[in-house]
1. Taking the stated definitions as given, is V5 surrounded by 12 or more Cβ atoms within 10 Å (Cβ to Cβ), modelled with pLDDT of 90 or more and touching a Pro at 6+ places or on another chain (Cβ under 8 Å)?
2. Within the stretch 75-90, track down each residue that is loosely packed, with under 10 Cβ neighbours inside 10 Å and at pLDDT 90 or above.
3. Give the stretch 41-77 a look and list any residue that's in contact with an Asp or Glu (Cβ under 9 Å, 6 or more places away or on another chain) and without any contact (Cβ under 8 Å) to a residue 12 or more places away in the chain, or say none.
4. Condition first: small (G, A, S) and in contact with a helix residue (DSSP H, G or I) (Cβ under 6 Å, 6 or more places away or on another chain). Now tell me which residues in the stretch 52-79 satisfy that.
Amino acid sequence: MADRVRTYPGTRKPTPHQGHGKRNCVKILERLSAYLDDELSGDICREIRAHLGDCPNCEVFLDSLRHTVQLCQHRPSPSLSAKDRAALRRQILKGAASA
């Protein structure tokens, strides 16, 4: 199942790579959303770019994440009823209070 990764037009297929431990890839993958949003320091961005240049699997994941973000940006936001908005607000405030 691990070798069944979906790729999108213009993306590379993942290939086995060496020189990167699984932990390093996980560390990079955890930061990709912030990387795409330009929320990281220059040093961390350089580290991520260097890793991506050597790791086709993480590069494929980044391409997939970019595609997902692009699809979400072009979808209209769902309308919520007043009751649903109030419930959502309560859940957000409750989550923020416990963080």
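1. Working: surrounded by 12 or more Cβ atoms within 10 Å (Cβ to Cβ): yes; modelled with pLDDT of 90 or more: no; touching a Pro at 6+ places or on another chain (Cβ under 8 Å): yes.
In short, no.
2. Restricting attention to the stretch 75-90, the residues satisfying the condition of being loosely packed, with under 10 Cβ neighbours inside 10 Å are 75-79, 81-83.
Within the stretch 75-90, S81, A82, K83 meet the criteria.
3. Matches in the stretch 41-77: C45, G53.
4. Pass one, the stretch 52-79, residues small (G, A, S): 53, 64, 77, 79.
Passing the criteria: none in range.
The values are calculated or read from the model by the stated rules, or taken from the named source; none is laboratory data. Treat the numbers as computed from the prediction; the structure is a model and nothing was measured. Reconstructed Cβ throughout: ideal geometry from the backbone, glycine too, with neighbour counts over all protein chains shown.
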